[in-house]
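Structure first, then comments.
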Amino acid sequence: PRLQWKQSEGKYLMPVFTTKANKNKLLKAAGIFLIFFCWFIISLFSHPLIVPSIPQTFQALYKLIISGEAVSCFLITIKRQLTGLGLGVLIGVTLGIFGGLNRSFHTIFMPVINTILATPNVIFVVMAMVWFGVGSTQVIFVIALLIFPIMYMNSVKALHSLDQDLLQMAQVFRVPRRIKIKKIYLPGILHGFIAGFTLSAASSLRIAVFAEVFGAPNGIGLAVTIARSYLEIDKLFAWAILLILIVTTIESLIIKPVERYIKKWGAT
């Protein structure tokens, strides 16, 4: 009878969860509709050089895609983004593990992290232009520099939040180091890694475009700069929409599947 009650409970709860998921989708759709509605109203009472209309913007977006400019700029920018993101994640996680296991190192290293987080991004962009000149190197450097504190802090917090009683029990029963790493440390680090990587992956593209605006001979940032110089506001809005679509696609096709895989792997 108890098993039957659970099964009936499961059948009862499934429509509830389905209804909740549908409700969330409807709310998200309503939010998107609200954005476009406000955009439409503002464009009616504004000059096209300030806020272009929705048809003008999507016509500019269509031209960007058909001409091949969107694809060529995207490939250049995404290459810089992935390189800088990879370096930032590698350095951040490596130092974060060391800082999580050694509190003295973490205490000494925290002023460096706080300095990076407190300094405006534009200062690092200008400094990188002075050090590396205009090009991919300065963009990659800025991305890695601004991403690694995020990964460092999440890795440290993940290790500091490990169950100390579980660690003491493993030490008392002399659990092999390989088992402790696999069953205790690694799952704990993965939670911090997922949180940090999700934020870093989304932020790295914005950082890449921001750095390209100031000092890159090509890429999306340069295209945005040219559009601004010629007051092609519809093109600026088109690039904004394109970047939103890119970030959304990356999150849906790459980040979320990686999160699910890591969570599943960490649970085994």
Checklist entry - With all protein chains present, how much of the accessible area of region 54-163 (probe radius 1.4 Å) comes from carbon and sulfur, to the nearest whole percent? => result 72
Item to check | Paramagnetic reach from THR249 in region 207-242 [backbone N under 15 Å; point 7 Å along Cα→Cβ] | outcome: 220, 239-242
Checklist entry - Which whole-Hz couplings ³J(HN,Hα) result when phi for each residue of region 99-113 is put into the Karplus expression 6.51 cos²θ - 1.76 cosθ + 1.60, θ = phi - 60°, listed in order with x for Gly and Pro? => result x, x, 8, 10, 5, 5, 4, 4, 5, 5, 7, 4, x, 5, 4
Item to check | Inter-label distance for TYR230 and GLN59, nm, one decimal - labels placed 7 Å from Cα along Cα-to-Cβ | outcome: 1.6
Checklist outcome for this item: Of 97-109, 202-214, 219-231, ordering from highest average Cβ density within 10 Å down gives 202-214, 219-231, 97-109
Checklist entry - Of LYS28/LYS157; LYS25/LYS256; LYS157/LYS256; LYS28/LYS256, which ones are farther than 24 Å apart at the Cα? => result LYS28/LYS157
Item to check | HN-Hα J in Hz across region 31-47 - Karplus 6.51, -1.76, 1.60, θ = phi - 60°, x for Gly and Pro | outcome: x, 5, 4, 4, 4, 5, 5, 5, 4, 4, 5, 5, 5, 5, 10, 10, 6
Next on the checklist: Using the basic label-point model (7 angstrom from Cα toward the beta carbon), what is the ARG103 to PHE132 distance in nanometres?
Outcome noted: 3.7
Checklist outcome for this item: Going residue by residue through region 132-141, the Karplus relation 6.51 cos²θ - 1.76 cosθ + 1.60 with θ = phi - 60° gives ³J(HN,Hα) values, rounded to whole Hz and with x marking Gly or Pro, of 10, x, 8, x, 5, 4, 5, 5, 4, 4
Item to check | Distant-in-sequence amide H partners of VAL134 (H built 1.01 Å from N, under 5 Å) | outcome: none
Item to check | Peptide ranges 86-93, 69-76 listed from the most packed, as the mean C-beta count within 10 angstrom indicates | outcome: 86-93, 69-76
Item to check | Most to least packed among 30-37, 252-259 [average Cβ atoms within 10 Å] | outcome: 252-259, 30-37
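The values are calculated or read from the model by the stated rules, or taken from the named source; none is laboratory data. Predicted, not measured: the structure shown is a model, and the values here were computed from it. Every residue, glycine as well, gets a Cβ built from its backbone with ideal geometry; the counts of neighbours run over all protein chains shown. Please note that ligands, DNA and RNA were not included when accessible areas were found on the heavy atoms of the full protein model with its side chains. Shrake-Rupley method; radii C 1.70, N 1.55, O 1.52, S 1.80 Å.
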